[in-house]
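**Student:** Just passing along the structure, written as structure tokens.
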Amino acid sequence: MTELTDLTVAGLRDGFRAGDFTAREAAEAFNAAVAGAKTLNAFIVETPDHALAAADAADAAREAGEAPKPLAGVPIGMKDLFATKGVQTTAASHILEGFTPTYESTVSQKLWDAGAGMLGKLNLDQFAMGSSNETSAFGNVISPWRRKDGGNAALTPGGSSGGSASAIAARLCPAATGTDTGGSIRQPAAFVGISGIKPTYGRCSRWGTVAFASSLDQAGPMARDVRDCAIMLEAMSGFDAKDATSLDLPVPAWEAGLSPDMKGKRIGIPKEYRVDGMPAEIEALWSRGIEWMRDAGAEIVEVSLPHTKYALPAYYIVAPAEASSNLARYDGVRFGQRELPEGANLQDMYAATRAAGFGDEVKRRILIGTYVLSAGFYDAYYTQAQKVRALIAQDFEKAWEVCDLLLTPTAPSAAFALGEKQADPLAMYLNDVFTVPASLAGLPAMSVPGGLDGDGLPLGLQVIGRPLDEQGVLNAGLAIEQRAGFTARADKWW
Amino acid sequence: MTESTYRIHGATGDWEVVIGLEVHAQVTSKAKLFSGAATAFGAEPNTQVSLVDAAMPGMLPVPNRECIRQAVRTGLAIDAAINKWSRFDRKNYFYADLPQGYQISQLYHPLVGEGRIEIALDDKNPDAGTKAIGVERIHVEQDAGKLMHDQHPTRSYVDLNRSGVALMEIVSKPDMRSPAEAGAYVRKLRTILRYVGSCDGNMEEGSMRADVNVSVRKPGEAFGTRTETKNVNSVRFVMQTIEYEAQRQVDVLESGGTIVQETRLFDPDKGVTRSMRSKEDAHDYRYFPDPDLLPLELDDAFLDECRASLPELPDAKRARYEGELGLSPYNAAVLTAEAETARWFEALLDAAGPTVTAKAAANWVISDLFGALNRIGKDIEASPVTPAQGGELLRLIADGTISNTLGKQVFEIMLETGEGAEAIVEARGLRQTSDTGAIEAEIAKVLAANADKVADYRGGKDKLFGFFVGQTMKAMAGKANPGVVNDLLKKALDQ
Amino acid sequence: MGPDADASRACMSVDTATVKRIAGLARIAITDDEAARIAPELDNIMGWIEQLGEVDTAAVAPMTAVIPNTLRLRDDVVTDGGVREAVLANAPQAEHGFFAVPKVIE
Ligand SMILES: [Mg+2]
Ligand SMILES: [Zn+2]
């Protein structure tokens, strides 16, 4: 029989319902995998008891003949950006070390209500700022993948949801939550050969999730395949009166609606995504993706998104501006770490606390954000960026007149080695070139594995949809998944 | 508009004062602007604080409809343009009373645009005229928490009960030219807010406080540099602030100095303002639209409801009291100055019924009732005599059951005993008589007893008429109808 | 003045003094060495961001809502508060029901 940790969310759910194993057996198997994978540094806090308690509740309910909850028997990982009641929540920052929320985020609560259990709090880039998981105050997350014949260089799992990516790829959990501000679900998913979807802005409540950039932040699931993403997303989504930007719409039955049939669908190929210096292997993957779409019955159309090249610089104004304000609350007064040098006054205490508590990348973005909002610069930077953002959204609007979905690569490269891009922040930012436009426009977008590159590392394809068309995105992802036949996995070395 | 003649007499000539006020008024609501925590005054520290107000990680604001509604109603009450599209901005600065590190306010697109408030140039003299003070805007924003400095030698304590309470910031144009105008503006604004019910106007509890912008100039010249004195919390202090600050600025300018645009603080003990150095570097607020909130879009139905729910406002009411009710301008002004007074007066008219004239009722309220309330130190809301009881008393006077003089006695007894006017009149036999026979009999006695004075009167000493009235009333133990007495006396004397 | 003119005005190099000023605004203590190290980094990033100035946005309104949606308003009901323990639970210093900070002289 296959190992329980090799099962998908659907496999665990269905196996548990069929009585093939108990929820406790599944939880114990994953708890053991987590405990045995410390080298990957995917978790900041392990919560085996939480997973077991949920499992026991699921077993007891099954025993009592109750109808099973949607995620009964399924333990998952929780990105450490979601506030979890009674469990330390840090956003991978020293400034929140020891912070134990007295509240539960809406998204995590929905998952527990659906019967899922928590294996632990997953590592991430500090305050979700980063694309390689090297900005965490709790150490780098290491990808389970290694280059074929490329030595044993430790690779990045991507970021910011790097702990989630690494843990799923290493079979430490079947699925995990992620958050995506500029690509933080999709890029790490691509780097480790799993699937992940960022839904339409407003589908998942932001309440109780540590904010990075409010107008961009969206939670979403990461899992091994498209079906699991659909199952998880159904549990995570839904209107929340506590979030003023939450969409007051029913949650569609995405899993039930899954279909790989692309007949009648027009897939747009945005020509501006063919950037200079794109590796041939990415080009080749994209071409294969186009063929798979055609094979699935779709019509392929070339489209133009003329403002694409401005998405990244616009993002690097809007996101840091919002972050500089969102992170002002970390001041050492009401929660988190406080640094109080001898004789310091209140303002000195703020400065010392924030200097000691924030990592370099967080500081860098706070400084950029403060700068672009400061007196005399607001219109030239922030207002201009929000105008460009409107143009980017208009580009998509125009594209939807001729196509239903867009297909692009997820990232401009495969995973790189830890340390490789750390010296150059700008080179790091360019990682998000394909994911940021959909974030700026609030569109649903997903990454699915498309194959391996010459080094034996996973590459991802991205599908972008109209607002609220998660179903279309998932279905296109499924069509790719079925044709890519991606079964590769990292050999266990940890 | 009447030109103000208020001037600071300096060594170099006369100076004019230019005043603008930013009044922060706490919106009357049960819950805070962006959280469900209560707003009641005087609770134990940090007990009216939600996790949103404490700015815990991941907490989000959701606006309170009632706060928006009250701000819109206030805007409508001052004839202001209501912006159907507005939005909230963040004002970023670090302070211990500001948990988020920013105040959610409205800079770029406020809820309420330009309006106006009519002030009386002299409250005591309705003929002195009025002046319209422009209101630049009203925006909605969060209040900050409170810092306590005197509870520990080296620490300040933070109470977030007020953090997130809804405020309206009502920003005037720099249209005022004297402390008296500023005082009248604040009083009038307070009256309007209390009529509308959007703010209780309680300055002692901090429900209303003003940032006072003052500059001076030689009449006719361009505006000078202004200073802003923050959080001045009474009408008297607002006026003191202006007097002090204007004189200070004139002194600085005349001694060759320049005015620094700065934030100042009023010290009520010393009656002076001083510079607030602690907030010196906080001027770059990095305003930007709050990304946690969408634009606030109001529909016609919402605005219609706001409009329909407005009561008759003080200016309209005063005009009606003068026009329809025939009150004097002074009485109309006095009776409409407070919503409670007007409410009491109108209840009194209802209770008194058609036989009592509004004029009589107004006079009674202003002289008798106010006098009594003043004496016993009570507000009109706490009056021991109800409008219904007052109405009963006025009816007895109007229909001649008791005289005016007796009415005053009855009212005193009502105040003491709480009994009704009719019961008092019956029990004590105070009912006045119009029985001409009885009165004529007494008149005959009075004339007989004062034959010399009768002769004098008939010889041309008209003034003696009052004497006869007094003697007759005395003989009737005060219960004779004065009108009847007058008529009969005249008849008897003129024979 | 069009957006290009605005953008060119913004096109200033980020020097050490600027870094120290914005770090002060952001309440992040910074040494001279750190400021000197960060200045060229930020200058490089801001220089790259300047390309936004190329886009003609004269006729464009800035984005206000990511997805068409209007602000919902809640009813005026007290649903929260009375949770002082939770509010103070994570405070570095809480005394007598208050948060405590170094003494502020106003
Ligand atoms: Mg002010
Ligand atoms: Zn204000």
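The values are calculated or read from the model by the stated rules, or taken from the named source; none is laboratory data. In this text the structure is predicted, and so the values were computed from the model without any measurement. Every residue, glycine among them, receives a Cβ derived from its backbone with ideal geometry; neighbour counts consider all protein chains shown.
**Student:** Would region B:242-249 turn up any residue that is within 16 Å of ligand 2 (Cβ to nearest atom) and under 25 Å from the mean Cα position of the chain (by Cα)? Reasoning before the result, please.
**Tutor:** Narrowing region B:242-249 to residues within 16 Å of ligand 2 (Cβ to nearest atom): none.
For region B:242-249, residues within 16 Å of ligand 2 (Cβ to nearest atom) and under 25 Å from the mean Cα position of the chain (by Cα): absent.
**Student:** Out of A:A137, A:A167, report the one residue that is surrounded by 24 or more Cβ atoms within 10 Å (Cβ to Cβ) and either out of contact with any strand residue (DSSP E or B) (no Cβ under 7 Å at 6 or more places or on another chain) or not polar (S, T, N, Q) (or both).
**Tutor:** Numbers: A:A137 fails: surrounded by 24 or more Cβ atoms within 10 Å (Cβ to Cβ).
The conditions single out A:A167.
The rows are residues; the columns are (1) within 14 Å of another protein chain (Cβ to nearest Cβ); (2) away from ligand 1 (no atom under 16 Å from the Cβ); (3) without any contact (Cβ under 8 Å) to a residue 60 or more places away in the chain.
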{"residue": "B:D159", "(1), (2), (3)": "yes, yes, no"}
{"residue": "B:L189", "(1), (2), (3)": "no, no, no"}
{"residue": "B:R194", "(1), (2), (3)": "no, yes, no"}
{"residue": "B:S198", "(1), (2), (3)": "yes, yes, no"}
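**Student:** Go through (1) within 30 Å of C:G97 (Cα to Cα); (2) modelled with pLDDT under 95 for B:A144 and report which single condition fails.
**Tutor:** Here B:A144 clears every test but (2).
**Student:** From the set of residues in region C:60-71 that are at the interface with chain B (Cβ under 7 Å from one of its Cβ atoms) and of a type outside the set (S, T, N, Q), which is nearest to A:A393 (Cα to Cα)? Spell out the reasoning first.
**Tutor:** The initial filter retains those residues of region C:60-71 that are at the interface with chain B (Cβ under 7 Å from one of its Cβ atoms), namely C:64-65, C:69-71.
Now narrow it down to the ones that are of a type outside the set (S, T, N, Q): C:65, C:71.
Numbers: C:A65: 11, C:L71: 20 Å.
Per the stated criteria, the residue is C:A65.
**Student:** Scanning for something surrounded by fewer than 21 Cβ atoms within 10 Å (Cβ to Cβ) and touching a residue at least 12 places away in the same chain (Cβ under 8 Å), does region A:433-449 turn up at least one residue? Quick ask: steps written out before the conclusion?
**Tutor:** Restricting attention to region A:433-449, the residues satisfying the condition of being surrounded by fewer than 21 Cβ atoms within 10 Å (Cβ to Cβ) are none.
Checked region A:433-449: no residue is surrounded by fewer than 21 Cβ atoms within 10 Å (Cβ to Cβ) and touching a residue at least 12 places away in the same chain (Cβ under 8 Å).
**Student:** Quick one: in region B:1-23, which of the residues that are surrounded by 21 or more Cβ atoms within 10 Å (Cβ to Cβ) and within 16 Å of ligand 1 (Cβ to nearest atom) is farthest from the other protein chains (Cβ to nearest Cβ)?
**Tutor:** Of region B:1-23, the ones surrounded by 21 or more Cβ atoms within 10 Å (Cβ to Cβ) are B:15-17, B:19-21, B:23.
Applying the additional criterion that residues be within 16 Å of ligand 1 (Cβ to nearest atom) yields B:19-21, B:23.
Numbers: B:I19: 24, B:G20: 22, B:L21: 22, B:V23: 21 Å.
So the residue we want is B:I19.
**Student:** When C:A26 is evaluated against the numbered criteria (1) more than 8 Å from chain A (Cβ to nearest Cβ); (2) within 19 Å of the chain's Cα centre (by Cα), which criterion, by number, is the only one it fails?
**Tutor:** Just one mismatch for C:A26, condition (1).
**Student:** Counting only residues that are over 24 Å from the mean Cα position of the chain (by Cα) and more than 8 Å from every other protein chain (Cβ to nearest Cβ), how many does region A:306-347 have?
**Tutor:** The total comes to 5.
**Student:** Assess whether B:D89 counts as being at pLDDT 95 or above, within 16 Å of ligand 1 (Cβ to nearest atom), in contact with a Leu (Cβ under 8 Å, 6 or more places away or on another chain) and over 26 Å from C:T70 (Cβ atoms). Quick ask: steps written out before the conclusion?
**Tutor:** Numbers: at pLDDT 95 or above: yes; within 16 Å of ligand 1 (Cβ to nearest atom): yes; in contact with a Leu (Cβ under 8 Å, 6 or more places away or on another chain): yes; over 26 Å from C:T70 (Cβ atoms): no.
So B:D89 fails the test.
**Student:** Of the conditions (1) farther than 25 Å from B:D292 by Cβ; (2) in contact with a helix residue (DSSP H, G or I) (Cβ under 6 Å, 6 or more places away or on another chain), C:V60 clears all except one; give me its number.
**Tutor:** Result: C:V60 fails condition (1) only.
**Student:** Here is a further query. B:D14 passes all but one of (1) more than 16 Å from ligand 2 (Cβ to nearest atom); (2) within 16 Å of B:V165 (Cβ to Cβ); (3) of a type in the set (D, E, K, R); which number fails?
**Tutor:** Here B:D14 meets the rest and fails (2).
**Student:** Of the numbered conditions (1) without any contact (Cβ under 8 Å) to a residue 60 or more places away in the chain; (2) away from ligand 1 (no atom under 15 Å from the Cβ); (3) in contact with a Ser or Thr (Cβ under 6 Å, 6 or more places away or on another chain), B:E114 fails exactly one; give the number of that condition.
**Tutor:** All conditions pass for B:E114, except number (3).
**Student:** Which fully enclosed helices (runs of 4 or more DSSP H) of region B:411-487 have 3 or more residues being touching a residue at least 40 places away in the same chain (Cβ under 8 Å)?
**Tutor:** In region B:411-487, the matching helices (runs of 4 or more DSSP H) lie at B:436-449.
**Student:** Continuing with the same structure: From B:V252, B:V238, B:V260, which residue is at pLDDT 95 or above and surrounded by fewer than 16 Cβ atoms within 10 Å (Cβ to Cβ)?
**Tutor:** B:V252
**Student:** While we're looking at this one, here's another question. How many residues are within 16 Å of ligand 1 (Cβ to nearest atom) and part of a strand (DSSP E or B) when one looks only at region B:200-216? If you could, list the steps in order and put the result at the bottom.
**Tutor:** Taking region B:200-216 as the starting set, the residues that turn out to be within 16 Å of ligand 1 (Cβ to nearest atom) are B:206, B:208-215.
Remaining after also requiring part of a strand (DSSP E or B): B:208-215.
Looking only at that region, the number is 8.
**Student:** Now for a different question. Considering region B:161-183 alone, what residues qualify as being within 14 Å of ligand 1 (Cβ to nearest atom) and farther than 24 Å from B:T47 by Cα? Explain how you work it out, then say what you get.
**Tutor:** Step one: list which residues in region B:161-183 are within 14 Å of ligand 1 (Cβ to nearest atom), which gives B:167-172, B:174.
Listed by number, the residues that qualify are B:E169, B:I170, B:V171, B:S172, B:P174.
**Student:** Tell me yes or no: at least one residue of region C:38-47 is modelled with pLDDT of 95 or more, facing chain A (nearest Cβ under 8 Å) and closer than 18 Å to A:A375 by Cβ.
**Tutor:** Yes, region C:38-47 contains a residue that is modelled with pLDDT of 95 or more, facing chain A (nearest Cβ under 8 Å) and closer than 18 Å to A:A375 by Cβ.
**Student:** Next question. Would you be able to say whether some residue in region B:137-145 is away from ligand 1 (no atom under 16 Å from the Cβ), closer than 22 Å to B:V272 by Cα and crowded, with 20+ Cβ neighbours inside 10 Å?
**Tutor:** No, region B:137-145 has no match at all.
**Student:** Also: For region B:146-158, enumerate the residues that are buried (at least 21 other Cβ atoms within 10 Å of the Cβ) and in contact with a Phe, Trp or Tyr (Cβ under 6 Å, 6 or more places away or on another chain).
**Tutor:** So the first thing to find is which residues in region B:146-158 are buried (at least 21 other Cβ atoms within 10 Å of the Cβ), and the list is B:156-158.
Matches in region B:146-158: B:Y157, B:V158.
**Student:** Does region A:95-115 hold any residues that are more than 16 Å from A:H50 (Cβ to Cβ) and surrounded by fewer than 19 Cβ atoms within 10 Å (Cβ to Cβ), and which are they?
**Tutor:** The answer is A:E97, A:G98, A:T102.
**Student:** Oh, and also: If you go through region A:9-41 one residue at a time, how many are among the aliphatic types (A, V, I, L, M) and either touching a Leu at 6+ places or on another chain (Cβ under 6 Å) or modelled with pLDDT under 95 (or both)?
**Tutor:** Number satisfying all stated conditions: 6.
**Student:** All but one of (1) surrounded by fewer than 24 Cβ atoms within 10 Å (Cβ to Cβ); (2) among the aromatic types (F, W, Y); (3) under 18 Å from the mean Cα position of the chain (by Cα) hold for A:W400; state the number of the condition that does not hold.
**Tutor:** (3)
**Student:** Could you list, in sequence order, the residues of region B:288-323 that are of a type in the set (A, V, I, L, M, F, W, C) and not in a strand (DSSP E or B)?
**Tutor:** If we filter region B:288-323 for residues that are of a type in the set (A, V, I, L, M, F, W, C), which is where we start, we get B:288, B:293-294, B:296, B:298, B:301-303, B:306, B:308, B:310, B:313, B:316, B:319.
Residues satisfying the conditions are B:L293, B:L294, B:L298, B:A301, B:F302, B:L303, B:C306, B:A308, B:L310, B:L313, B:A316, B:A319.
**Student:** For a quick check of your reading: which strands (runs of 3 or more DSSP E) sit entirely within region A:405-474 and have at least 2 residues that are aromatic (F, W, Y)?
**Tutor:** Details: elements: A:405-409, A:445-452, A:458-465.
Of the strands (runs of 3 or more DSSP E) lying wholly inside region A:405-474, none has at least 2 residues that are aromatic (F, W, Y).
**Student:** Somewhere in region B:284-293, is a residue over 30 Å from A:T383 (Cβ atoms) and of a type in the set (A, V, I, L, M)?
**Tutor:** Step one: of region B:284-293, the residues over 30 Å from A:T383 (Cβ atoms) are none.
No, the conditions are met nowhere in region B:284-293.
**Student:** Those residues that are touching a helix residue (DSSP H, G or I) at 6+ places or on another chain (Cβ under 6 Å) and either at the interface with chain B (Cβ under 10 Å from one of its Cβ atoms) or of a type in the set (S, T, Y) (or both), I need them from region A:351-379; list them, please.
**Tutor:** A:G369, A:T370, A:Y371, A:V372, A:L373, A:F377
**Student:** If you scan region B:215-230, which residues turn out to be away from ligand 2 (no atom under 16 Å from the Cβ) and β-branched (V, I, T)?
**Tutor:** Of all residues in region B:215-230, those away from ligand 2 (no atom under 16 Å from the Cβ) come to B:215-227.
Within region B:215-230, B:V216, B:T225, B:T227 meet the criteria.
**Student:** Further, regarding this structure: Mind checking whether some residue in region B:200-214 is over 23 Å from B:E245 (Cα atoms) and within 16 Å of ligand 2 (Cβ to nearest atom)?
**Tutor:** Checking region B:200-214: at least one residue is over 23 Å from B:E245 (Cα atoms) and within 16 Å of ligand 2 (Cβ to nearest atom).
**Student:** Next question, about the same structure. Taking A:A256 and the conditions (1) within 20 Å of A:Y201 (Cα to Cα); (2) among the small types (G, A, S); (3) part of a loop (DSSP other than H, G, I, E, B), which numbered condition does it fall short on, given that it satisfies the others?
**Tutor:** (1)
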